[in-house]
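The values are calculated or read from the model by the stated rules, or taken from the named source; none is laboratory data. All figures in this text were calculated on a predicted structure; none of them were measured in a lab. Neighbour counts run over all protein chains shown; Cβ positions are idealised from the backbone, glycine included. Calculation scope for accessible area: heavy atoms of the full protein, side chains included, ligands and nucleic acids excluded. Shrake-Rupley method; radii C 1.70, N 1.55, O 1.52, S 1.80 Å.
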Amino acid sequence: MKGIVKYTLFLLLPIVLIILWLSGVFHPKIHAEEVERPVKYVSGIEVEKVKVIKEVPVSYLGTVIATDRAEVSSRVMGYIVKEFVKEGDYVKKGKTLYIIDPRDIQAQTNIYKQRIYQAKKNYLAAKANFEAVKKTYERFKKLLKEGAVTQQEFDQVEAKFKAAKAQLEAAKAEIEVAKQAYKASLAQLSYVKIKAPFSGYVVKKIADKGDIARPGMPLLILERPPYKVEVALPERLYGKVKVGNELVVRIDTLNKTFKGKVVEVEGAVDPRSRTFKIKVLIGNEKLKSGIQAKVFLIEKLTEPTILIPSKAVYKRWDFTGVWVVKPDNTLELRLVRLGREFDGYYEVLSGLSQDERIVVEGIEKACEGCKIGG
């Protein structure tokens, strides 16, 4: 019996005491309501109320085009022996852009010049012959009246007279033909200098020194401001967009926004695409044709829509949310579903109500349950 008591006292009792101590029996109890979590305050945060709108700017993609655009080509064929411009250059009207080898045309011009000289000599010879035959004709005409020559003899002389007259007229015409050919050749010679049809920018060079220029083949593309944006709009907007309307144009490539004016509206809707085209004048000289642009039109919504700044959106992996400021200034990270983007703002489809406030600056400082201020 004594062994059992000793066993209980010296072995089991310490084990029980240790278990009771670990379970906190010997520690004073603290009620839950007595534990207060310390509040963390954050500063450097900017808060705004969500934006509620009844109309929204909707963007439509368009393309920048030049008011005047020309594909400068040659009217003669030959090797390009000189070039005076490069892409991006601004050239004034009449400036020489290329020179084509003029030797072939120059040789042809010299031939036509010699033809004029020869035609004039032929004309003088034909004229001298005509004058001699004319005198004989006039004399035989009198002799025929006097009966000194027969009708047959007179007819032979008259035939020679008419032939001489025809030769004279042909020689005269030959001079005129040679002169016209010479003038045409001189004109061709002037075309060996390719000149700018108007003042503008060289946006693309197609031919270089040493290439063969052919009639109608573009050598370079020249364009000048002001510039326009051509955009196709849906049929439902037909009649709502008119010449003179001011629209906002955004060019992401340049990170710039312009104000433009509608200068052209297509007179009919394309039945295949159900769209019509408009042209918006923006008149910026630093643009180039072919750049993509966005044209914004204000469209009314069927119901009020919440917008938030894009800088207020918190993204982490697949999570998209915003920091919401509760009435007691406590921060809460709220999941939201976003829709379209409108010039720096996102449409909120779900997750926010119209009277809530959100963090728009300093979202990296925000934390769950924290309070703003201090």
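Points to keep in mind about this one:
- Conditions (1) hydroxyl-bearing (S, T, Y); (2) under 28 Å from V47 (Cα atoms); (3) modelled with pLDDT of 90 or more; number of the one not met by T305: (3)
- From K93, K49, residue being within 43 Å of the chain's Cα centre (by Cα), under 30 Å from W323 (Cβ atoms) and at pLDDT 90 or above: K49
- Checked against the criterion of being aliphatic (A, V, I, L, M), farther than 30 Å from Y182 by Cα, in contact with a Lys or Arg (Cβ under 9 Å, 6 or more places away or on another chain) and at pLDDT below 85, the range 146-156 has at least one qualifying residue.
- Just one of (1) open to solvent by 50 Å² or more (accessible area, probe 1.4 Å); (2) over 30 Å from G369 (Cα atoms); (3) touching a Leu at 6+ places or on another chain (Cβ under 7 Å) fails for P102. It is (1).
- Strands (runs of 3 or more DSSP E) within the range 51-110 that include 2 or more residues without any contact (Cβ under 8 Å) to a residue 12 or more places away in the chain and among the β-branched types (V, I, T): none
- Residue in the range 287-304 that is farthest from V249 (Cα to Cα), counting only those that are touching a Gly at 6+ places or on another chain (Cβ under 8 Å) and open to solvent by less than 30 Å² (accessible area, probe 1.4 Å): A293
- The range 189-209, residues that are touching a residue at least 60 places away in the same chain (Cβ under 8 Å), within 16 Å of V76 (Cβ to Cβ) and either out of contact with any Ser or Thr (no Cβ under 9 Å at 6 or more places or on another chain) or open to solvent by less than 70 Å² (accessible area, probe 1.4 Å) (or both): L189, Y191, V192, I194, A207
- A search for C-beta distances below 7 Å between a residue of the range 210-222 that is at positive phi and any residue that is in a strand (DSSP E or B) and of a type in the set (G, A, S), counting only pairs 6+ apart in sequence or on different chains, returns G216/S73.
- Selection status of P215, surrounded by 14 or more Cβ atoms within 10 Å (Cβ to Cβ) and closer than 25 Å to D89 by Cα: no
- Counting only strands (runs of 3 or more DSSP E) that sit wholly inside the range 243-286, those with at least 1 residues that are touching a Gly at 6+ places or on another chain (Cβ under 6 Å) and either open to solvent by less than 50 Å² (accessible area, probe 1.4 Å) or at positive phi (or both) are 246-251, 275-281.
- Selection from the range 324-352 of residues that are open to solvent by 40 Å² or more (accessible area, probe 1.4 Å), without any contact (Cβ under 8 Å) to a residue 40 or more places away in the chain and in a loop (DSSP other than H, G, I, E, B): K326, P327
- Of all the criteria given as (1) exposed (fewer than 13 other Cβ atoms within 10 Å of the Cβ); (2) modelled with pLDDT under 90; (3) under 22 Å from the mean Cα position of the chain (by Cα), the one not satisfied by L61 is (2).
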